[in-house]
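Here the structure is laid out as structure tokens; the discussion comes afterwards.
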Amino acid sequence: MDYLKTVVPSQLLAERGSNLVVINPGSANIRVGLAKQDSPFSIPHCIARRSNQLPKLNVQDQLLNSQVTTAQHMEREKAYDVIASLLKIPFLDEEVANNSVPRKMGRVDGYNPQNTRKDGAFTWTDTHVKDLNSSVPQESSSDKSVIAESLVQNEGTESKEPTLAELKFREVIFGEEALRISPTEPYSLRRLIRRGHLNISQHYPMQQVLEDLHALWDWILLEKLHIPHQERSLYSAILVVPETFDNREIKEILSILLRDLRFSSAVVHQEGLAAVFGNGLSTACVVNLGAQVSSVICIEDGVALPNTEKTLPFGGEDISRCLLWTQRHHQTWPQIRTDILTKPIDLLMLNRFICCGNNLIALSQCTVAQEGELDAIAVVHSYEDAMPAGSHKTRLTALNVPPMGLFYPTLLIPDLYPPPPRSWFHDYEDMLEETWHIEFPRRSDMPDGLYPGSNVGLQMWDNYPFVSMKPKKEEKVGLAEAITSSILSTGRIDLQRKLFCSIQLIGGVALTGGLIPAVEERVLQTIPSNEAIHTVEVLQSRTNPTFVSWKGGAILGVLDFGRDAWVHREDWIRNGIHIGSGRKYKDSYFLQAQAMCYINS
């Protein structure tokens, strides 16, 4: 620790960051990179395997319930009208002349300066690979996938078209390429995580999920980070897990890292906990707005408070689906077949529109809840079978309505996917024990001055009963209610006031223009009148909210390397779970200062 007090952060980065791999898995994307990198690779968390039994592309999670009941449809229309009243725009079925409602017009065409593809359209993945030598020795499935990836010809190559005899299907396709496979191709698309959990079902058994997860992560290490198998023992892994993960899931993934991917050691951090360090904080209410799940958790002095965790079953992809629904209702969507269940490429397109729409809102200085209808001229693409993308210019309307579904979730109607049986998660060895099984007396033994205000003593923990398992109950409320309930559950007015002024939005949806003032306003309205709290503030993120948890994991890995929380490969394989001793962040104020120095250096 004396060394950490004197070392320069850039020196720590050079010494430790080059052999630390930070992995932050999510429902839609996985963020992976070396700790020394400024930003991670963000790759769709899915894999496609060739299937001889299917005549065309099959999405593995067909159990996904996308049927909207009559009651849900009525609730959605009611939520739309409530939002319309707040935004002072026409109700859902109200006929109003074009000029009678204030409109803010813009342009959304998926334009990205770094995107060289014509018109921002996606292209179908080339699923064939040229068979250079049929006498190549038999390879493992993971080796086949790597070879197949490396042999795919670049688009636009003017080489002679190979004959059918020279072509064969790629066995495995990863990431975004898997999402851009034509529905006519014989592949099975598998999403590894659904709604914050491993995507285990009767049609997608646990062993297949874990095998696919290993194959995808191995491909990322080889193709993106260029770490070959023989050098894996020189690297350590930092696993930044979502709060939704259960102990069994964490342990299975940890086994993949240490046993299969052969890292020398690994450590597990919570996403919310890593986020506060990613922004140089130690206390905050972290609101993680992901693609399929949103979560809220409060962090105090570098420790996650267990009974403050809230999980909401909706995210950015639900906003994208809501966008499609609103445009179809207003008859502004082109007459094209857009099917996000059987054509994942359509969901890619919708997510891009949401992203562009958010940028438009920010650029026009509008907010999510600002009065007036937000319209835009857009270029929509259609993807039919294996045909080139079609281009359709149209006017999208009411773009500021779908993001308001965060506060009125009945507008979104999240698709339902039955999780594995709860018995699958029964596990009484907690992988995050230093957050949940805290040895409270150690705080009184700490040197004076290590904690500002440390004279509070043990009373701060009196309201946090010990639980043998983390509850994973989804909340059926809006975002503002979840934030308020999470903070008020801490039970201490001084901490509550601090947390209400230290709300941190992370995740891709946090980039939505105008979301910060909307959260501040709605949370303030949600606080009960008998509470002596009159100020709500959302802190601006110092790091891109999309990967702030990844960045925090990198910082913690660099600063905290070698502590008891790290699990070594040999220990894990021989003994299984290894419980560390003491509180991991009993010196969190010092780590916070180091993190701030790291960020600003």
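Please list 319-327, 292-300 highest first by mean number of surrounding beta-carbon atoms within 10 Å per residue.
Working: 319-327: 22.6, 292-300: 25.6.
In decreasing order of mean packing, 319-327, 292-300 become 292-300, 319-327.
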(Q) Less than 9 Å Cβ to Cβ from GLY272, Lys/Arg counted +1 and Asp/Glu -1: what total charge do the surrounding residues give? (A) -3
Q.
Could you sort the peptides 273-281, 310-318 by per-residue average Cβ neighbour count (10 Å cutoff), highest mean leading?
A. 273-281, 310-318
Q: Work out the P(r) tail for the range 205-364: percent of alpha carbon pairs separated by more than 23 Å, whole number.
A: 58 percent
Q | Rounded to the nearest 20 debye, dipole of the range 255-321 from Cβ charges on Lys, Arg, Asp, Glu | A | 200 debye
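Computed from the coordinates by the stated procedures, all read-outs in this text should not be read as laboratory data. As the structure is a computational prediction, the values presented were derived from the model and not from experiment. Cβ coordinates were reconstructed from backbone atoms using ideal geometry, including for glycine residues, and neighbour counts include every protein chain displayed.
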